């Protein structure tokens, strides 16, 4: 048996997470982390979700990504601009023409309809539509100077999720689970909590594994009902019958395997059926919010209609992180932050749905000691313009703001990140990041860094290339925000 | 622009670091030119070191072996001032006055050049270079500094910012800005430029006033405003009197290629395949020639072929392999009962002749072509309503055994094969030619909307198509040379752009057909068009009659009835049949190498050509309009013909290897997409070459190749791994046995449908739409109480049927060369718990009952025959029966009236979940 690729115990550990293309063992860690040398000839490799120790000591061991797709308006939330107040109503279009998606709707400079105040010990500026987060600002590092490469949602979302404007590349969560595996083999490594009201822009592409094995793609958990597709039988049958049938499958498979030595894929098949049964229990348990106190429900706003849905997802996120899930990503339906019109109302509504749950999550993570090794990342894919976007009747009262790729606001909190810190700055109008600019790739590199991974050394060989999340362009870890 | 951290610097590849390209006049360089002017006076008085006397000797000593006139790695020639000034692949090599920002100096200073194993420059030499650059980089031949911009620095800018409205397709105000001559000719308002006077030039005035390009129209035509540095170049060119360069496009010519050497061409896969003599092995042990190669390798390690598989294993293996479906019980019976010596060969012929064969093998080709029925990229993932015709074309071609060379000609240049615009009748052949070019229209594409159809968006589509072409047909990672010379293979960046020049008449980023409507042609067969037309007229006629009645009718109720009737008639309208195609548009823009792949950074002008390493480097790429009066360049046709010359090093090898892979589970070269230097070495080098030659000798017949491979002794081996094989050939590299394979998603779904009698064989036509159930589960729409094969399901990128997704349907990004087989819990959950799978199990159980009645022992035997092509073993039969009894008891207790049927369904459902069903020996 010395040539057998693994011993049985190892095999079942591996298989617990799902075995990938079993054929030949390889020093997986070497392949993932090797430095930049000539690619080795491709071998049939196996991939699994066993937890792996990163190259450097990680500051954070799990990530909760609060993806605010649509483009939260920087100058209405976190980046007050007196020049907008001073120049309100002045023409500005010609100066930024190449950066406006809908020139025919472009209006004049528009001041923020919201009031800003300083909060916390740090005195961070936050507008009055985020009253709950305002109380948590000393936990976050705010980045005012992010920017991206495309002003349209779809490419910009692909960019922030996968490092490229195009479909087909692995997303952040896929890279992280590829690099780190996961702690709990009975739950998916990368869980997506999307909004029951609908998918975000780019749909399921947001959590694709691209050219990485499908093992690393995000698994959608629905917040209500059966959390995973096909988790429970979709037909009526006495439990005893189901058990009997599963037992038959298992016995038939063991007979089949008995006659086929040296076929780890058959062991993997049997193990995957056992995992399926365990997952049914583990996933159901993780999603059972009745185990939480009324006070906790209240903290996340689950007791109120406006915040109930997002609050549930935030609380589930905490429960998943507690159980060792590596990467949890939260979505909101369609584009609530895409405030092309009536920004005074629409942006306020977006905040009302999310502010309390997000603040509750930060508070709860902290009080349970989870924030020290959990990284919470908040942000969207683009920012917005300093000029008004006018509706057909040109009524300024109904104005919104159009897309902007030159300035994005985002924040991180928790594992390894400073609290109450503001990084970078935009110009006087909030149109473009000018100081300490942070490109999307820098943001990716920073996130990986906090997890103990180096963006240039985490790669996957394909088509003769060492593919990386940050691509070939240089990326920089935003060291200033590190604790 | 020069000092940006080089992505190349850390690599050790032979084409690293410095690169080629003609002098380019953008930001930094503009500054550099001005600097030269300013410093000329200084140079005269203070006698600084001249290049010719001080620097050239250093370069000649250390650099010119690799960067000289004969060998120009990275496109750099340091043997003369002219060569230095021409720059490298990354652009200018130095910036006068600023050593720190000079690429060349940086590389030398950091010790990256010369390469570590070569003699290094002394500190004094490095210092001399630094001083020379810092003092303004003076040349003795002062003229050299004067090289200002020419029309080739200006044309790329005008292409980018202006020609969409002032070019070949549209000449607003009568103005064409594509050439120096047309600029001088001007438009309705007079000449666009006044030589020597930028301020008087209309072109410059309009741009300065920001009237051009018009701000409010920018998005509509997908153009960005001209950048200040670009305007500077324009002004400078005009100020200097519109200097004209007589530079010709860089193409292969009689001179030996300085970028690719004959040494490079010596790599095994870059040489034409030659068939080695067959190895001598005992003839009685083999069935076909390929066996002799396999057997020789086995004997080298004291192995022999595994014993042959049993007949029932063989028929199942072969049926799945050639048709993607399990054998029917009668097919199995017929084969097992056939006593003739050529029973197996007859089975092979039957399966190859089955229409199911093309449906199965089309999936393999559609994977490499990156087939999808939708655009991808944008959120709505817009459906491509005409793409299915290409899928049908592939199925038809494979069923007809269309020779692979012809198959490629049609897909790469179908529009250049025969006239289609001025013919009376469009027959099947002409139609197929056009539909086949759908191969070049598969990449994810967001350019159907103006906001996502800017030049960089278009270049991404082109890059994806080049990647598909390179990986699918050439087996080369040619896309790696888009931004810089290939790091490991001898593919200069120049060759990537020469290749894009071949496709330029179809993929022109400056003359772009947006995806969807503009990409379609209406040249469907005359019979299809006539039928559509007739239906249209018929419907219109009937509608008119009813409309008249409605107008005349006064009774409201009757009017309503008539309106319903009218609606029903109008629903019979069919969408106009159109073909998603690629066709030559006749007048391609010039092709410039894009430095570092940056669309705003045009370098050397190149012409069409194929990768130099696959030729002798001296043969020009010859092409001509395919017929008299054709408004086509014939470039792609010439490419297709070059690809299918028997001497082409890669085409036959790559395809033969792919076919091999699908039969034997692994390629002779395991990196199906990469036959380059970083690809896997062939496990049987002589066999891959013999196979390639044989493929061509058999007139590129794929069915003939299939027949040879599946009738081999190698293919007929058992898949059992003994202790001995595990010790010597655990991976199966030597083909000492056949592999064990899990069904692919499509095969699994089709097989489940077939055994349940729910598979509808309705071939071809528009794709079956999909339904999204609550929770996001996606299934395909049933047809006539059943479902069609998976190949006919709508392949919408973001909404693939869940069962296919769960079983590793790959994302087409942009294509898939090799599918993986994962084993994960969601697969188990799907087969165990999914409602449709359960419904199919019910159908399976009912089918069995209708065939053999209600006796459970008989039923189990029959179920095994249908699902596994064999009878259950005694043990299997026993535990099956005992489960049946236990389940029946439980069902009875639950109070249902059909407990026996339900219990047997449990047996069937378990069988559908079993490894014996899911894996093929």
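Values quoted throughout were computed directly from the atomic coordinates according to the rules given, and no laboratory measurement underlies them. Predicted, not measured: the structure shown is a model, and the values here were computed from it. Methodologically, a virtual Cβ is constructed for each residue, glycine included, from the backbone with ideal geometry; neighbour enumeration extends over all protein chains shown.
Ranked by the mean number of other Cβ atoms within 10 Å of their residues, highest first, the peptides A:72-79, B:618-625, B:764-771 come out as A:72-79, B:764-771, B:618-625. For chain A, the antiparallel share of DSSP beta bridges with both residues in that region comes to about 55%.
Counting only other chain Cβ atoms within 10 Å of each residue's Cβ, the peptide B:670-681 averages 4.
When DSSP beta bridges are restricted to pairs lying wholly in the protein assembly as shown, around 65% turn out antiparallel.
Look at where the Cα atoms of the stretch A:202-277 and of the stretch B:812-852 average out, and the two centres are 11 Å apart. Mean separation of Cα pairs under 8 Å and 6 or more residues apart, divided by the residue count, gives the stretch B:151-239 a relative contact order of 25 percent.
Helix B:151-161 and the longest principal axis of the Cα set of chain B meet at an angle near 50°.
In chain A, the calculated helix contribution to ellipticity at 222 nm averages -9500 deg cm²/dmol per residue, counting -39,500 (n - 2.57) for every DSSP H run with n ≥ 4.
Among A:138, B:445, A:395, the order by Cβ neighbours within 10 angstrom, fewest to most, reads A:395, A:138, B:445. Comparing Cα centroids, the stretch A:97-139 and the stretch A:290-309 end up 27 angstrom apart.
Among B:761, A:65, sorting on how many other beta-carbon atoms sit within 10 Å of each Cβ, with the fewest leading, yields B:761, A:65. Counting beta carbons within 10 Å around each of A:418, A:405, B:600 and listing the fewest first gives the order B:600, A:418, A:405. For chain B, the longest principal axis of the C-alpha atoms and the axis of helix B:228-239 are separated by about 50°. Look at the alpha carbon pairs under 8 Å that are at least 6 residues apart: their mean separation over the length of the stretch B:525-577 gives a relative contact order of 54 percent. Angle between the Cα long axis of helix B:874-893 and the longest principal axis of chain B, 0 to 90 degrees, nearest 10? That helix lies at roughly 80 degrees to the long axis. Separation of the stretch B:457-472 and the stretch B:377-447, taken as the distance between their Cα centroids, equals 17 angstrom. Counting only other chain Cβ atoms within 10 Å of each residue's Cβ, the peptide B:215-221 averages 4. Summary value for chain B: 14 percent relative contact order, contacts being C-alpha pairs under 8 angstrom separated by 6+ residues. Peptide A:265-271 has a mean shielding of 5, counted as Cβ atoms of other protein chains within 10 Å of each residue's Cβ.
Per-residue ellipticity at 222 nm, computed for chain B from helices alone with -39500 (n - 2.57) per DSSP H run of at least four residues, works out to -13000 deg cm²/dmol.
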